[in-house]
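Below: one structure, written as structure tokens.
The values are calculated or read from the model by the stated rules, or taken from the named source; none is laboratory data. Quantities reported herein were computed from a predicted structural model and do not represent experimental measurements. Please note: Cβ atoms are built from the backbone with ideal geometry, for glycine as well, and neighbour counts cover all protein chains shown. In case anyone asks, the SASA skips ligands and DNA or RNA and just uses the protein heavy atoms, side chains included. Shrake-Rupley method; radii C 1.70, N 1.55, O 1.52, S 1.80 Å.
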Amino acid sequence: MQHTLEPIGYIRSPYQQKFSVPRQPSLVSATTSSVEFVAPFNQVEMLDEVEQFSHFWLIFAFHQNIKAGWKPKVRPPRLGGNKKVGVLASRSSFRPNHLGLSLMELSRVERNPSQPILHFKGGDLVNGTPVFDIKPYLPYADSVSHAHAGYAKSAPQTQLTVVWTEPAHQQASKLKLSEQQYSVIKQVLAQDPRPAYKQLQQDDKEYGVALYQFNIRWRIKLDPQHIPFIEIVAISHATQP
């Protein structure tokens, strides 16, 4: 039996590509995300009493991965990309049916008659992600104190210092970045978005991420104590060549 899923809404977030997305929704606290509901699900009545709950489960699609298909075994970032596990023993975005589950903290509610919007703190979803359902988080049922988390027992520890070169800082000033945008860029890059096997290592490559309407170029450097840090070398508007 086949089932057809229709999005009830779409994510609006700073993340324009998979590369910059944090691996869990709470890791970049400065960001905000929202779900904009679309017809025929843009019914304000759907949101009655939602403020009674602080957190919600979002069921969505890894829509940018659908063409790539899925594999029965994957390499989780938490294992450094060096070991394969079954896809069902991971949170890989390359999975059967391409469905994802994310726990988000509610920030505020907009009851626009034509397009209701739920706003959330944090988030780990690419801009434009289709959302299929939203359900309240219930602490008594969803939190298990004696649960085992295998190879992912604790939050990722990678937090690198982020510095701006003078040219990049001048470019950011001309683009009039907000304080929140500065914070999001810093928190995203501090996690070292590179593949897991490269994290905490220097390389000679210059990387780019798309956040908000900006393209940000950065690289890994070593300080005098040989500790890696992120250096932002350029920022430009995404519409520029």
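Descriptive notes on the structure:
- Pick from segment 4-25, criterion hydrophobic (A, V, I, L, M, F, W, C) and surrounded by 15 or more Cβ atoms within 10 Å (Cβ to Cβ), ranking: farthest from the chain's Cα centre (by Cα): ILE8
- In segment 82-95, the qualifying residues are those that are open to solvent by less than 30 Å² (accessible area, probe 1.4 Å) and of a type in the set (A, V, I, L, M, F, W, C), and the one that is farthest from GLY69 (Cα to Cα) is VAL85.
- Positions within segment 178-199 being assigned to a loop (DSSP other than H, G, I, E, B) and either surrounded by fewer than 13 Cβ atoms within 10 Å (Cβ to Cβ) or without any contact (Cβ under 8 Å) to a residue 24 or more places away in the chain (or both), in sequence order: SER178, PRO195
- Pairs are defined by a Cβ separation below 8 Å, a sequence spacing of at least 6 or placement on different chains, a first member in segment 220-234 that is under 10 Å from THR161 (Cβ atoms), and a second member that is outside any strand (DSSP E or B) and aliphatic (A, V, I, L, M); the pairs so defined are PRO228/LEU160; PRO228/LEU200; PHE229/LEU160; ILE230/LEU160; ILE230/LEU189; ILE230/ALA190.
- Residues of segment 96-109 that are surrounded by fewer than 17 Cβ atoms within 10 Å (Cβ to Cβ) and without any contact (Cβ under 8 Å) to a residue 40 or more places away in the chain: PRO96, ASN97, ARG108.
- Test: residue in segment 201-220 that is part of a helix (DSSP H, G or I) and out of contact with any Asp or Glu (no Cβ under 6 Å at 6 or more places or on another chain): no
- Total residues in segment 127-170 satisfying the condition of being of a type in the set (D, E, K, R) and surrounded by 11 or more Cβ atoms within 10 Å (Cβ to Cβ): the figure is 3.
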